[in-house]
Amino acid sequence: MTTERTQSDSDDRRMDKIVALTRRRGFIFQSSELYGGINGAWDYGPVGVQLKRNVKDAWWRSLVEERDDIVGLDTAILMHPMVWKASGHVDGFSDPMVDCKLCKKRFRADDLDNAICGQKPSKRPGQCGGELTEPRNFNLMFETFLGPVSDTSSRTFLRPETAQGIFVNFANVVATTRVKIPFGIAQIGKSFRNEINPRNFTFRSREFEQMELEFFVKPGTDEEWFHRWVQWRRDWYIGLGIRPENLRLVPHEKLAHYSRATTDVEYRFPFGWGELEGIANRGDFDLRQHQRGIRTVARWDGGDLQALQLVEEEQDWHRGKLSYFDEETKQRYIPYVIEPAAGADRATLAFLCDAYDEDSAPDAKGQLETREVLRLHPRLAPVKAAVLPLVRKDGQPERAMRIYEALKRRYVVEYDESGSIGKRYRRQDEIGTPLCITIDYDTSKDGTVTVRDRDSMRQVRVSEDRLLELLDETIHREPR
Ligand code: GAP
């Protein structure tokens, strides 16, 4: 569920500045920009890819590596088409659309208040005098064909979520590992949806990355686990620096047919509140559907999937292939699933928006000027420290390079010797580098360097030998 609201002027300006900074400093570019760009797809530049990687690593670390009850998985984007029939995506993963007969544009029927018609001056759909068609369902999955022949039997889809790759591997994981319920399977990967109105920068894209966890529990314990996961997932964003006042939990009043409860974690973007992650109690819906799917596939003649009926459940469905045998209670059952499903691009955008700030700093002549700074949590910052010789002579570059080489073994650090020191600080502020280490004339005398803190701009002199320790402390400190 998304409740993006209309932007105010100052929110507009803030978002424009964030987009401009991410473009200028190489975080995010429009896909195929050289050719005029395409809508709904984005490229992450050198610092952007590092930031997004740090977000995904923090997620993976907190779930798969720090817990004993979750394992990881990396499944294929291309899957058997019957997966998408059984999951309900072939029949139900669609948005109601209307077409304007005048401007020929297509709009989401349930979002007409936020849509703009192609006629000038811009108007809401229908206000241009064009007649709108009746709503028709438009499936959001991208179709593709396996092999050289393009017919219904070779047709499949780019996955619209990573979750199904987990469900169809449930039995493989149980058979090959030592997991016991309750346990989870986590996956990070690309998903594709042919969104009608991709918008708000990377927020709603056609190609994006998801970070999904399917946590399997014994029926009857699901509510308790659901509430735990809602809190844990909210806390994860706060632990990485998101201000609590910019987060809210929104329980769904109207539930999807597979859901027994859903709560969204929403972030207050400059363009309004928007969903970062949905936590759903999916009951046993998915595993039961796949039990029907694997029986149906034997009868599929390669014809149109939409016309195909899934076979009914067997009477002893709870003993089927995707059931679980509980050694302790000697019971066999289909587990329930709690699913915290997050977007890596949305989380990255939220961290960028929350970190963006402006204050003032002296320019080369000592006059105050506006400084743009990304106050990213040091764990997420793309570059942890910049090593800067004050001048390009007197042995300073060589000494700085030695420090850089030593720090680089443990952390992503940058060496920069070009331009005034003020300009170099400003660049590092804009990519969110927590520490700048300057090598100056005193370094050769007493082995100390200047360490400048990104947020306070305070400078302290530190012995060269303490730099690694200082970096460790900075990266592992609590959020502001
Ligand atoms: N398996 C459940 C599922 O996919 P979802 O709410 O449709 O649930 C989960 O997606 C998360 O994936 C969302 O909360 C959002 O962060 C991200 N997401 C979904 N559609 C997206 C899009 N078009 N662009 C960017 N991120 C998207």
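Amide H contacts for R204 (H built 1.01 Å from N in the peptide plane; partners 5 or more residues away or on another chain; cut-off under 5 Å): R199. The phi-based Karplus calculation (6.51 cos²θ - 1.76 cosθ + 1.60; θ = phi - 60°) puts the 3J(HN,Hα) values of region 63-76 at 9, 7, 8, 8, 10, 9, 10, 9, 10, x, 7, 9, 9, 5 Hz, whole numbers, x for Gly and Pro. For the chain, the longest principal axis of the alpha carbon atoms and the long axis of helix 46-60 meet at an angle near 60°. Taking 29 Å as the straight-line reach from the Cα of K423, the lysines in range (excluding those fewer than 8 positions away in the same chain) are K17, K52, K365, K384, K393, K408, K445. Diagonalising the gyration tensor over the Cα atoms of region 216-364 and scaling each eigenvalue by 5 before taking the square root yields semi-axes of 41, 20, 13 Å, largest first. Between the residues N172, F269, Y356, the greatest Cα displacement towards the positive end of the dipole of the chain, with unit charges on the Cβ of Lys, Arg, Asp and Glu, is found for Y356.
The trypsin sites (Lys or Arg not before Pro) of region 97-137 that DSSP puts in a loop, and whose beta carbon has at most 14 other beta carbons within 10 Å, are K101, K104.
By definition, a body whose alpha carbon gyration tensor gives a ≥ b ≥ c is oblate when a/c is 1.5 or more and a/b is not larger than b/c, and region 378-426 fits this oblate description. Proximity of backbone amide H atoms, modeled 1.01 Å from N, is registered between Y356 and R375 at under 5 Å, excluding neighbours fewer than 5 places apart on the same chain.
When the listed pairs K85/K218; K56/K190; K101/K123 are checked against a 21 Å cut-off, the alpha-carbon distance exceeds it for K85/K218. Computed across region 359-480, the Kirkwood hydrodynamic radius from all distinct Cα-Cα pairs reaches 14.5 Å.
Gain on full extension, evaluated as 0.36 nm per residue between D110 and E473 minus their Cα-Cα distance, stands at 125.7 nm. Atom-type composition of the exposed protein surface of region 99-193 places 50 percent of the accessible area on carbon and sulfur (1.4 angstrom probe). The loop-placed trypsin sites (Lys or Arg not before Pro) in region 292-385, going by DSSP, that have at most 14 neighbouring Cβ atoms within 10 Å of their Cβ come out as K321, K330, K365. Note on region 193-304: Cα convex hull, mean projected area over all directions, 9.9 nm². Note on the chain: the alpha carbon radius of gyration divided by the globular reference 2.2 N^0.38 Å gives 1.13.
With respect to the chain, whose longest principal axis is taken over its alpha-carbon atoms, helix 285-296 is tilted by about 50°. Residue-wise HN-Hα couplings along region 162-179, as the Karplus relation 6.51 cos²θ - 1.76 cosθ + 1.60 with θ = phi - 60° gives them from phi, are 7, 4, 5, x, 6, 4, 6, 9, 3, 5, 4, 5, 4, 6, 10, 10, 9, 5 Hz; Gly and Pro carry x.
Dipole check for region 306-458: with +1 at the C-beta of Lys and Arg, -1 at the C-beta of Asp and Glu, and the Cα centre as origin, the magnitude is about 860 Debye. Residue-normalised convex hull volume from the C-alpha trace of region 422-480: 81 Å³ per residue. Relative to the longest principal axis of the Cα atoms of the chain, the long axis of helix 421-431 lies at roughly 10 degrees. Dipole orientation for the chain: of the candidates L158, F201, I181, F201 has the Cα lying most toward the positive pole (charges on Cβ; Lys, Arg +1; Asp, Glu -1).
Quick check on region 1-98: take the gyration tensor over C-alpha atoms, sort the square-rooted eigenvalues as a ≥ b ≥ c, and tell me if it's rounded (a/c under 1.5), prolate or oblate. Verdict is oblate for region 1-98.
When the Cα atoms of region 31-76 are aligned to their principal axes, the ranges along those axes come out at 48, 25, 12 Å in descending order. Once the C-beta distance of A307 and K408 is scaled by a Förster radius of 51 Å, the resulting FRET efficiency is 0.30 to the nearest 0.05.
The values are calculated or read from the model by the stated rules, or taken from the named source; none is laboratory data. As the structure is a prediction and not an experimental result, all values here were calculated from the model. Please note: Cβ atoms are built from the backbone with ideal geometry, for glycine as well, and neighbour counts cover all protein chains shown. Each accessible area value is taken on the protein alone, full model and side chains, heavy atoms only, with ligands, DNA and RNA left out. Shrake-Rupley method; radii C 1.70, N 1.55, O 1.52, S 1.80 Å.
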